[in-house]
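Chemist: The structure's right below; bear with me while I get my questions together.
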Amino acid sequence: MKYSTEKLSIFEKVGYSLGDLAANLVFQTLITYLAYFYTDIYGLNNNDASIIILIVGLVAAFLFNPLIGALADRTNSRWGKFRPWILFTAIPMGVVALLAFTTPDFSYKGKVLYATITYTLLLLLYAGSNLPYSALSGVITGNMSERNSISAIRFVAVMFAQFFVQVFMLPIIEYAGNGDKAIGIEIVMTWLAIIGTIMLLITFFSTRERVVPSQEQKSTFKEDIVDLTKNKPWIIMLILTILIFITLALKGGSYVYYFNNYVDKHALSQFIQPIITSMQAIGINFFGSDPVSAGFGLFNAGGIICMLIGIGVSKKLADIYGKRDVFGIALFISTLFIILFVFFSPQNIFLIFGAQILHGFFYGITIPLLWAMIADVADYSEWKNNRRATAIIFSAMMVGLKSGLSIGGALVSWILGQYGYIHAEAGETILQPQTVAHGVKMMVSIYAALPFLICCALLFFYEINKTTEIQIESDLKKRRNN
């Protein structure tokens, strides 16, 4: 095993983080707008949108990710195992991301087929890019403190992508399309595809792989799978990842419906008007006059800014107390602020924004720790089995991510249908039944909180605490140097 303990330069850390910024321009768009795009812009009914999101997502999770993980672990090139995947998927993923959010002039059946094909290709290319990218964090360095640092910087970049998508994207779509959201989202996705491709190329050229398995550590795909099934921390992290992304997709995909169908527009307008006026006084006139898109953007902005603060304190807390304990406590507190949404009336705008801000801070602490913990699971597997299979472990977690994203995204459309939501044709305005308002309130509160609460309970069985982290790092360092 070739191994280096050298500290990473800030240039390499930032270069690496740009890859996740690029990926999250796509990923955050899928979480926030895919269900809304299919039902209110593209023109699919709730059942068809739900089936496409669920079936394609599960195929991607259980077929694409293990396949790419196994191939990436067995890739050998002058650029390493994982960096070539980032290079060769950069341009195709940008092109397909644009096609997936394009509304062609097809018949309804043609639209269903087009959506299925483009979403499938997008998830295939996303797996081919983001899975090796995530595994790269496990081989850039074997130093766990440096790994915490990489994760913290990486997820600051993630928050910038999330900030753009959730705060600015809806107003930009409306502005770019001059009221036609189908045209607007095509224009926005064109620019995101170009920017994302450039960022992925920067990641490729600015990073290098340092933890390289020796020839005697080669293993078969069957051995890798057997190692996984015996790895209790991996099993817990897999279930935890599925549950986390169910909540993120369910909650994130519901907010646009929450502001359109539950929040009182007059109360929202009165609440945000002083903010908008203050911004206009200094020359910022971005959000326009629509209280829903402006309120939706400012609501997300408050949460994301506080997430960035949470990410900023995450590394220090993890270094002192260990990832597991910090992750569990912060996740539990953040869940309490999700539950509070069930008690808010449509006029409680101050409380709605306040709960989002506090949730954002505590959830932000957990964000970099999740992927750092998965990298620790790869070290745990090597520690136990004397074989390293970084990508297959990350691919299994990507199975959890895609499964959670697919289940949560499908639940948005399905639950809305159960509460009587009527999908709109392009450019059409629909008056929804009263039951829809209650449904979206439940989605952003009780339904979204349940998976998080199960995660908190699972962490009691996750054995890689602070003491074990130190022991694993020390033993692996000695073993690699020998």
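The values are calculated or read from the model by the stated rules, or taken from the named source; none is laboratory data. Not measured: the values here are computed from a predicted model. All Cβ positions, even for glycine, are placed from backbone atoms using ideal geometry, and neighbour counts span all protein chains on display.
Chemist: So which of LEU113, LEU63, LEU21 is out of contact with any Ser or Thr (no Cβ under 8 Å at 6 or more places or on another chain), at pLDDT 90 or above and surrounded by fewer than 17 Cβ atoms within 10 Å (Cβ to Cβ)?
Modeler: Result of the check over LEU113, LEU63, LEU21: LEU113.
Chemist: Assess whether ALA152 counts as being surrounded by fewer than 24 Cβ atoms within 10 Å (Cβ to Cβ) and farther than 30 Å from ALA378 by Cα.
Modeler: no
Chemist: Go through ASP325, ASP319, ASP376 for me and flag whichever is among the charged types (D, E, K, R), touching a residue at least 12 places away in the same chain (Cβ under 8 Å) and surrounded by 24 or more Cβ atoms within 10 Å (Cβ to Cβ).
Modeler: From the options ASP325, ASP319, ASP376, the qualifying one is ASP376.
Chemist: Could you tell me whether the stretch 458-480 includes any residue that is assigned to a loop (DSSP other than H, G, I, E, B) and closer than 19 Å to PHE259 by Cα?
Modeler: Checked against the condition, which is being assigned to a loop (DSSP other than H, G, I, E, B) and closer than 19 Å to PHE259 by Cα, the stretch 458-480 yields no hits at all.
Chemist: Of the conditions (1) in contact with a Lys or Arg (Cβ under 8 Å, 6 or more places away or on another chain); (2) without any contact (Cβ under 8 Å) to a residue 60 or more places away in the chain; (3) hydrophobic (A, V, I, L, M, F, W, C), LEU123 fails just one. Which one is it?
Modeler: Evaluating LEU123 over (1) in contact with a Lys or Arg (Cβ under 8 Å, 6 or more places away or on another chain); (2) without any contact (Cβ under 8 Å) to a residue 60 or more places away in the chain; (3) hydrophobic (A, V, I, L, M, F, W, C) leaves (2) as the failure.
Chemist: Right, another one. Here is a check on your reading of the model: is GLY94 farther than 24 Å from SER151 by Cβ and either within 22 Å of the chain's Cα centre (by Cα) or surrounded by 22 or more Cβ atoms within 10 Å (Cβ to Cβ) (or both)?
Modeler: yes
Chemist: Separate question: In the stretch 343-359, is there at least one residue being out of contact with any Asp or Glu (no Cβ under 7 Å at 6 or more places or on another chain), closer than 23 Å to LEU458 by Cβ, touching a residue at least 12 places away in the same chain (Cβ under 8 Å) and part of a helix (DSSP H, G or I)?
Modeler: Checked the stretch 343-359: at least one residue is out of contact with any Asp or Glu (no Cβ under 7 Å at 6 or more places or on another chain), closer than 23 Å to LEU458 by Cβ, touching a residue at least 12 places away in the same chain (Cβ under 8 Å) and part of a helix (DSSP H, G or I).
Chemist: Considering only the stretch 404-422, how many residues are of a type outside the set (A, V, I, L, M, F, W, C) and part of a loop (DSSP other than H, G, I, E, B)?
Modeler: 3
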